[in-house]
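Accompanying notes for the structure given below.
The values are calculated or read from the model by the stated rules, or taken from the named source; none is laboratory data. Because the structure is predicted, anything quoted here is derived from the model rather than measured. Note that each Cβ is placed from the backbone with ideal geometry, even for glycine, and that neighbours are counted across all protein chains shown. Areas reflect the complete protein model, heavy atoms only, side chains present, ligands, DNA and RNA absent. Shrake-Rupley method; radii C 1.70, N 1.55, O 1.52, S 1.80 Å.
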Amino acid sequence: RNVQCHDRPDIHIKKRANNCLGRFFMVRESEEYDLIVIGGGPVGLTAAQAATAVGRSSIIIDGTPKSLVQFTGPTGIFSKALRDTAKKIDVSTLRGMGLRDSVVWKQVKYMTSDVLRENGLKNLRDMQHKHIPHLRGNASFVDAHTLSIHQDGGNSVEIKGKRILIATGSTAYRLPGIPYDDRLVFDSDTIKGLS
């Protein structure tokens, strides 16, 4: 059966479904999945794993840009990773060594990115272990059981599912009366822009 690599739509290989070539999972183009999950956050990952645990086929569609690691976690994960990094780094010691704040901040951002990357890779390993395929791209409905997945480079793949779960996450709630200016006061999403 022809299958397709999730990051390389130009590669078609005759192999058994759900095989893995390094980091590539094979996607069954002509088969109907029991569950298609749109969104690779905690709800999407949990739903796909639950379906697989009871013998159902599932696939995850995730629109995370290629410049970012997929499956890193929920809305606000950056602020949590930033908190974990702040517990590990001693800013006063670094300043005492003569390092400027811009250098210290670069180190904080690097360490925070490391936490996110590790979380994403852990989730990806779990998916590989459970043989859950995934596609990177943005989904649109063709009909009630068919999605067109639009990938980078203009390629599209259609997949069918008996059920489709939309688990695309959320955005941070901004409380009224708080002067969010994304310069001094941030929410858990906009804090990524802190410089």
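Output needed for region 82-127: three equivalent-ellipsoid semi-axes, defined as square roots of 5 times the C-alpha gyration tensor eigenvalues, in descending order, whole Å.
Details: eigenvalues 153, 17, 7 Å².
Result for region 82-127: semi-axes of 28, 9, 6 Å.
Using a 1.4 Å probe, what is the accessible area per residue for region 59-195, in Å²? Walk me through the numbers on the way to the answer.
On the way: 8460 Å² over 137 residues.
Accessible area per residue: 62 Å².
From the P(r) of region 39-195, could you give the percentage of C-alpha pairs in the tail past 20 Å? If you can, show how the numbers build up before the last one.
Numbers: 7358 of 12246 pairs.
The share of Cα pairs beyond 20 Å in region 39-195 comes to 60 percent.
Give me the dipole magnitude in Debye, nearest 20, for region 33-186 about the Cα centre, with unit charges on the beta carbon: positive for Lys and Arg, negative for Asp and Glu. Kindly include the intermediate steps, with their values, before the conclusion.
Numbers: 20 positive and 13 negative charges, 74 e Å.
My answer is approximately 360 debye.
How many nm is it between the label spots at Ser195 and Gln128, if each spot is 7 Å from the Cα in line with the beta carbon?
Label-label distance for Ser195 and Gln128, simple model: 3.5 nm.
Would you tally the net charge around Asp187, using a Cβ to Cβ cut-off of less than 15 Å, leaving Asp187 out, and scoring K and R as +1, D and E as -1? If you can, show how the numbers build up before the last one.
Details: positive: Lys80, Arg83, Arg174, Arg183, Lys192; negative: Asp181, Asp182, Asp189.
Within the 15 Å Cβ shell, the charges total +2.
Give me the one-decimal nm value for the distance between modelled label points at Lys162 and Asp181, 7 Å along each residue's Cα-to-Cβ direction.
5.6
Excluding same-chain residues fewer than 8 positions from Lys106, which lysines have a Cα within less than 30 Å of its Cα?
Within the straight-line cut-off, Lys106 pairs with Lys66, Lys80, Lys87, Lys88, Lys122, Lys192.
Write down the percent of antiparallel bridges among all DSSP beta bridges whose residues are both part of region 56-172, to the nearest 5.
On the way: 10 of 13 bridges.
If I count the DSSP bridges inside region 56-172, around 75 percent turn out antiparallel.
Calculate, in nm to one decimal, what Val54 and Arg174 gain on full extension: separation in residues at 0.36 nm each, minus their alpha carbon distance.
39.3 nm
Given labels modelled 7 Å from the Cα in the Cβ direction, how far is it in nm from Ser102 to Ala144?
5.9
Among 58-67, 89-98, how do they line up from the highest to the lowest mean number of other beta-carbon atoms within 10 Å?
On the way: 58-67: 18.6, 89-98: 10.9.
The most tightly packed comes first, giving 58-67, 89-98.
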